[in-house]
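Each value in this text was obtained by applying a stated rule to the coordinates, not by laboratory testing. Note that the coordinates shown come from a computational prediction; the quantities given were computed from them, not determined experimentally. Using ideal geometry, Cβ is built from the backbone for each residue, glycine included, and neighbour counts are taken over all protein chains shown.
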Amino acid sequence: MTETTDPDFQTLALLEKQAGRTAVVKLLGNHRQNVTQTIAELEKITGNIDRDHIHMIAHRMQGSCGSLGFHRLSALFSDMDKAVMDGNHEQVIKYIQEVVHENEILADGVRQYYPEILSKPESSG
């Protein structure tokens, strides 16, 4: 079982204790693919900000990341959602960049705690 004091991975450690490592690895694999596709989608639409579309994406990802215990990433999606609803497009673009950065930090943790997830090919969407 994964032992960690890293707050981003404590929820996953509890899930692993209850459901097993295989289930967590599958869940993380699905999440990783979803975040990768979401970031690619957000990066494509920054030139033409569609308020409703970004609101839908940000709201969905806020919940998804939060449910896995990725609270910083969840908060960034929440802030992005607020910015797009306020019509602050420059701030939306800033949050997209911050999401990319935070996701890279989380990927380092995934490599540390769940290296087997990286052996699966990543979908390019």
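Would you call Leu12 part of a helix (DSSP H, G or I), surrounded by 15 or more Cβ atoms within 10 Å (Cβ to Cβ) and in contact (Cβ under 8 Å) with a residue 60 or more places away in the chain? When the stated conditions are applied, Leu12 passes them.
For Val92, indicate whether it is surrounded by 14 or more Cβ atoms within 10 Å (Cβ to Cβ) and closer than 24 Å to Gln10 by Cβ.
no
Quick check on my filter: what residues within the stretch 19-55 are exposed (fewer than 13 other Cβ atoms within 10 Å of the Cβ), hydrophobic (A, V, I, L, M, F, W, C) and within 15 Å of the chain's Cα centre (by Cα)?
Ala40
Note on the stretch 1-45: residues that are more than 24 Å from Ala58 (Cβ to Cβ) and either among the basic types (Lys, Arg) or in contact with a strand residue (DSSP E or B) (Cβ under 8 Å, 6 or more places away or on another chain) (or both) amount to 3.
If the condition is being out of contact with any Cys (no Cβ under 7 Å at 6 or more places or on another chain) and crowded, with 19+ Cβ neighbours inside 10 Å, then the stretch 56-77 contributes Ile57, Ala58, Met61, Gln62, Cys65, Leu68, Phe70, Leu76.
Filtering Asp86, Asp81, Asp52 for residues that are touching a residue at least 24 places away in the same chain (Cβ under 8 Å) and acidic (Asp, Glu) leaves a single hit, Asp81. For the stretch 20-49, the tally of residues that are part of a helix (DSSP H, G or I), touching a residue at least 12 places away in the same chain (Cβ under 8 Å) and of a type in the set (Val, Ile, Thr) stands at 6.
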